[in-house]
1. Hey, can you tell me all the residues within segment 14-55 that are surrounded by 15 or more Cβ atoms within 10 Å (Cβ to Cβ), among the hydrophobic types (A, V, I, L, M, F, W, C) and over 22 Å from Ser119 (Cβ atoms)?
2. Conditions first: (1) in contact (Cβ under 8 Å) with a residue 12 or more places away in the chain; (2) surrounded by fewer than 22 Cβ atoms within 10 Å (Cβ to Cβ); (3) in contact with a Phe, Trp or Tyr (Cβ under 8 Å, 6 or more places away or on another chain); (4) within 12 Å of His27 (Cβ to Cβ). Gly58 passes all but one, so which condition is the exception?
3. Condition first: under 21 Å from Leu71 (Cβ atoms) and not hydrophobic (A, V, I, L, M, F, W, C). Now tell me which residues in segment 16-57 satisfy that.
4. Return yes when Asp84 is at negative phi, open to solvent by 70 Å² or more (accessible area, probe 1.4 Å) and modelled with pLDDT of 95 or more and no when it is not.
5. Out of (1) open to solvent by 10 Å² or more (accessible area, probe 1.4 Å); (2) touching a Pro at 6+ places or on another chain (Cβ under 7 Å); (3) modelled with pLDDT of 95 or more, the odd one out for His107 is which?
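The values are calculated or read from the model by the stated rules, or taken from the named source; none is laboratory data. Please read these numbers as outputs of a predicted model, since none were measured by experiment. Glycine also receives a Cβ, built like all others from the backbone with ideal geometry; neighbour counts cover every protein chain displayed. Just so you know, the surface numbers come from the protein's heavy atoms only, side chains and all, with ligands and any DNA or RNA stripped out. Shrake-Rupley method; radii C 1.70, N 1.55, O 1.52, S 1.80 Å.
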Amino acid sequence: MPTFEVEPGINIAYQDRGAGKPVVFVHGWAGSGDAWDYQVLDLAPAHRCITVDLRGHGDSDKPWGDYGYDLFVRDLHALITGLDLRDVTLVGWSMGGHIGLKYAHEHPERLERLVLTGSGPRFWQAPDAPYGTPPGDVQGR
């Protein structure tokens, strides 16, 4: 499996299969890019399918430290720009959907579509989740 250096000494694993417009798949917590094998089998004849093992997951490096959405988005952006992907369909499952939302907010110029499955934004707003509903509205006040 190829790897990509997202910062000095830190590599993430990915697979790049098929040809055509790029579709990048982001797995959920404790998963890996292998979660997308069936989707890639169906889509690779017409699309370039890139699956990624997020830092700390699968075959990617697992350095000690804090893991959070900012870090995952930074790594994902390094891979997408490093592979010079444009007009990407970004597909996120579970935690990968949250990463996808943040990525779309920070780097819309690279995306054509965002697909969320088994995921979505928080129901309430927080400093790290600005798109949710105000907390008082969630509580029905």
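1. Ala44
2. (3)
3. Result: His27, Gly28, Gly31, Ser32, Gly33, Thr51, Asp53, Arg55, Gly56, His57.
4. When the stated conditions are applied, Asp84 does not pass them.
5. (2)
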